[in-house]
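*Asks:* Below you'll find the structure I mean.
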Amino acid sequence: MSTARPSASAAAELAVQAREAATRREGYWAGVRKRLARDPVTIACGVILLAMLAAIVFAPLLAPHDPYQGSMLRRLRPIGTPNYPLGTDELGRDMLTRLLYGGRLSWFMGITPVVLAFVIGTVLGVLAGFVGGGVNMLIMRATDVFYAFPSVLLAIAISGALGAGTMNAILSLTLVFIPPIIRVAESVTTGVRNLDFVEAARASGAGPLTIIRVHILGNVLGPIFVYATSLISVSMILASGLSFLGLGVTPPEPEWGLMLNTLRTAIYVNPGVAMLPGACIFATSLCFNLLSDGLRQAMDVRA
Amino acid sequence: MLLYLLRRLLYAVPIALSVGLVCFLLVHIAPGDPINAIVPADAPQELVEQIRRDYGLDRPLPIQFAVWLGKVAQGDFGNSLATGRPVWADLSVAIGNTLRLAFAAALIGFVLGTVLGGLAGSFQGSPIDKLAVAFAVAGVSVPHYWLGMVLVVIFSVQLNWLPAMGAGPGGSSDWAWDAEHVRHLILPAVTLSVIPMGIVTRTVRGIVAEILNQDFVQTLRAKGLSGWGVFLHVVKNAAPNSIAVMGLQLGYLLGGSILVETVFSWPGTGLLLNNAIFQRDLPVLQATILVLAMFFVVLNLAVDLVQTAIDPRIRRG
């Protein structure tokens, strides 16, 4: 596992970054904004994601039909049917409506684990990096155990043991994402901890909490945040994947992964409609990935 | 070198033990008394107690763990609650099928990823670079269970070229290296290969670009080395890190295959796991996760050792 741990040169590089960050004035964020403005792909992805967010938030206003009300008389209508622009599913429910409502749970289940893991992982990682010694040893060795499982396997194992359910899926994904965030947080904190300005703060009598709040967090949150955004795409795919396996959302609740599963048999009848929920997952995860790449470049994070 | 080898091997022991502990605890984080999965709800109390004693479920957890570990070390994973057969009988067949699928996917993903990434890194900013980058980001963003369905729609439903399900004719799970079985392997393997392809492309591209920017490449060119000679130097320098990434990816394929196996009804560990979860067959769940995770631990170890063997800088560091 030693390959995955940051090497001495990587730590030195992070230290250089942190020093640069420390000497930045308000010019830094202006620079980030300027770089983002010159990056059409990132802007486009941001706009698409905002539009999707608006669509799923205002789903009750936008949706033309009821998401649960189906009819055996109009099952699996093709895309472009009058009144049902995206067709109907295997129980005759309007696809457009279900995709709009389904996005709510898919987004919620994809983003919540990353947010929770970001908070918990940052606390533990900064603690391990700042305190060092036995605390570091304890936290990092516990992290190693989770690294001994492929992430998908770990998520399925925990969900499988806990049983199906939205909350169980979120819990298992949170557990999967905490260890990698701890590693990133620990390595950036270690890079900053021994720098001169931290030493100066300590010499002038600042307590550990003040040092962490004022001097450490400002320099480490950026890289950790950018890393966390890169996890959202994986998290969306895995969350919908758990529902696809029957381990997440339970029917008749609309969710993209579950919809993809229930429409599986429809690929012989109406492949166009059956592919739609997966296309939504793909589009969302692609946009989050490109957005994260753009942010990484604009914020000049090399971690 | 020998010392490093020994230290690395020793370090894998506590990791393997903790993996065992996590798998053991899986059954205990499952809601409800594990005994409920074994005996029917209306069984008389004496019978429940009798079975609890027989299974050792009345003893303290650490002792249960030790007993379980001892049995596992001898290859005894217990019996399936659903079928009553030894877990290992089904698991060994499933593992074989999963490994075949994972290795086939790895082969496709690594070869394509290395070629694409190498070209992209050598010709940065060119159309082929942009194509490779787009391919890579699509590869890591696509939900592969959906990609599998799309491929089935195109190649099985519309074109009728390749089978949509199973590992062989008639739904048999026995494998043979003949045309019919290989035809069944193509779609799932291609589906599973997109993620490692994306990640390997990205990694190799970055590594190659970084090497080409270094001074020694300039020196090689200046002293008149041909393009082929420079290429060999780049390969030698890019290999250790690329191999490390590929090794990890191979491990992730063992987990990622679960979703793809479900799509294609591939008779591997994914299908086994899926059935175990829905029948609450905890011994099968536990054993499958344990075996896959142990593969991953061994793979990590192997990657480290290979990397050390071909990169002297790590040994010294």
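*Asks:* Please give the calculated 222 nm ellipticity per residue for the protein assembly as shown, where each DSSP H segment of at least 4 residues contributes -39500 (n - 2.57) and the sum is spread over every residue; nearest 500 deg cm²/dmol?
*Replies:* Value at 222 nm, helices only, nearest 500: -24500 deg cm²/dmol.
*Asks:* Let me ask something additional. For chain A, which cysteines have no disulfide-compatible partner, meaning no other cysteine Cβ under 4.7 Å?
*Replies:* A:Cys280
*Asks:* Quick one: if you stick a label point 7 Å off each Cα along the C-beta vector at A:Ala54 and B:Phe103, how many nm between them?
*Replies:* Placing both labels 7 Å along Cα→Cβ, they lie 5.3 nm apart.
*Asks:* When Cβ neighbours within 10 Å are restricted to other protein chains, what is their mean count per residue of peptide B:144-157?
*Replies:* Neighbouring Cβ atoms belonging to other protein chains average 5 per residue here.
*Asks:* While we're here: Taking amide H positions as placed 1.01 Å from N in the peptide plane, with prolines and chain starts having none, which residues 5 or more places from A:Glu255, or on another chain, fall under 5 Å of its amide H?
*Replies:* Amide H to amide H, under 5 Å and 5 or more residues apart or across chains, A:Glu255 pairs with nothing.
*Asks:* Along the charge dipole of chain A, which of A:Gly103, A:Gly70, A:Gly205 sits closest to the positive end, that is, farthest toward it, with unit charges on the beta carbon of Lys, Arg, Asp and Glu (+1, +1, -1, -1)?
*Replies:* The residue sitting farthest along the positive end of the dipole is A:Gly205.
*Asks:* Same structure, new question: Take peptide A:141-149, look around each residue's Cβ out to 10 angstrom, count Cβ atoms belonging to other protein chains, and average those counts.
*Replies:* 5
*Asks:* Treating only the Cβ of Lys, Arg, Asp and Glu as charged (+1, +1, -1, -1), what charge dipole size does the stretch B:1-136 show about its Cα centre? Round to the nearest 20 debye.
*Replies:* In debye, rounded to 20, the stretch B:1-136 gives about 640.
*Asks:* Next question. Along the charge dipole of the stretch B:94-316, Cβ charges K/R +1 and D/E -1, which of B:Leu112, B:Gln286, B:Pro188 sits furthest on the positive end?
*Replies:* Going by the charge dipole, the pick is B:Leu112.
*Asks:* Here's another thing I want to ask about it. Return the single residue from B:Lys236, B:Lys130, B:Lys223 with maximal mean-square fluctuation; model: Gaussian network over chain B, springs between Cα atoms under 10 Å.
*Replies:* B:Lys223
*Asks:* Under the rule of at least 5 residues apart or a separate chain, name every residue whose amide H is placed under 5 Å from the amide H of A:Thr88.
*Replies:* The answer is A:Leu76, A:Arg77, A:Met95.
*Asks:* Turning to a different aspect of this structure: Gain in length, A:Leu217 to A:Val123, computed as 0.36 nm per residue apart minus the alpha-carbon separation, to one decimal in nm? Numbers along the way, then the final one.
*Replies:* Details: separation 94, 0.36 × 94 = 33.84 nm, distance 1.00 nm.
Full extension of this stretch gives 32.8 nm more.
*Asks:* Run the simple label-point estimate for B:Arg85 and A:Asp196 please: 7 Å along Cα→C-beta, distance reported in nm.
*Replies:* 7.1
*Asks:* Is the stretch B:231-281 best put as rounded, prolate or oblate by its Cα gyration tensor, with a ≥ b ≥ c the root eigenvalues, rounded for a/c under 1.5, and otherwise prolate when a/b is larger than b/c, oblate when not?
*Replies:* Prolate, since a/c reaches 1.5 and a/b exceeds b/c.
*Asks:* Where nothing but the Cβ of Lys and Arg (+1) and of Asp and Glu (-1) is charged, how large is the charge dipole of chain B around its Cα centre, in debye to the nearest 20?
*Replies:* Here the size comes out at about 1340 debye.
*Asks:* Related question: Taking the Cα centre as origin and putting +1 on Lys and Arg beta-carbons and -1 on Asp and Glu beta-carbons, what dipole magnitude results for the protein assembly as shown, to the nearest 20 debye?
*Replies:* Dipole size: approximately 1700 debye.
*Asks:* Continuing with the same structure: Please state the shape class of the protein assembly as shown: rounded when a/c is under 1.5, otherwise prolate if a/b exceeds b/c and oblate if not, all from the C-alpha gyration tensor. Spell out each step's value before the answer.
*Replies:* Details: a/c = 1.38, a/b = 1.19, b/c = 1.17.
In terms of gyration-tensor shape, rounded.
*Asks:* Ranked highest first by the average count of other Cβ atoms within 10 Å around their residues, in what order do B:253-263, A:82-92, B:151-161 fall?
*Replies:* My ranking of the peptides, most packed first, is B:253-263, A:82-92, B:151-161.
*Asks:* How well do other chains shield peptide B:10-22, expressed as the mean number of their Cβ atoms within 10 Å of each residue Cβ?
*Replies:* Mean shielding count: 3.
*Asks:* What is the sum of charges, Lys and Arg at +1 and Asp and Glu at -1, for the other residues whose Cβ falls under 15 Å from the Cβ of A:Ile267?
*Replies:* 0
*Asks:* Pull up all non-local amide H partners of B:Ser80: gap of 5 or more, or a different chain, and H-to-H distance under 5 Å with H placed in the peptide plane.
*Replies:* Under 5 Å from the amide H of B:Ser80 lie the amide H atoms of B:Arg85, B:Val87, each far enough along the sequence or on another chain.
*Asks:* Filter the chymotrypsin sites (Phe, Trp or Tyr not before Pro) in the stretch A:59-144 to those in DSSP coil with at most 13 other Cβ atoms within 10 Å of their Cβ, and list the result.
*Replies:* Qualifying residues, ordered by number: A:Tyr68.
*Asks:* Among A:Met72, A:Met236, A:Met137, which comes first, second and so on when ranked by fewest other beta-carbon atoms within 10 Å?
*Replies:* Ranking A:Met72, A:Met236, A:Met137 by Cβ neighbours within 10 Å, fewest first, gives A:Met72, A:Met137, A:Met236.
*Asks:* Cβ under 13 Å from A:Ala63's Cβ, A:Ala63 left aside: what net charge do those residues give with Lys, Arg +1 and Asp, Glu -1?
*Replies:* Summing Lys and Arg as +1 and Asp and Glu as -1 gives +1.
*Asks:* What distance in nm lies between label points placed 7 Å from Cα along the C-beta direction at B:Gln50 and A:Gln297?
*Replies:* Label-label distance for B:Gln50 and A:Gln297, simple model: 7.2 nm.
*Asks:* Exposure proxy check: B:Asp311, A:Asp66, B:Asp42 ranked by fewest other beta carbons within 10 Å? Could you put the intermediate results ahead of the total?
*Replies:* Working: B:Asp311 18, A:Asp66 12, B:Asp42 5.
Starting with the residue having the fewest Cβ neighbours, the order is B:Asp42, A:Asp66, B:Asp311.
Values in this text are rule-based calculations from the coordinates and carry no lab data. The shown structure was predicted, so the numbers you read here are calculated from the model rather than taken from an experiment. Cβ: placed from backbone, ideal geometry, glycine included. Neighbour counts: every protein chain shown.
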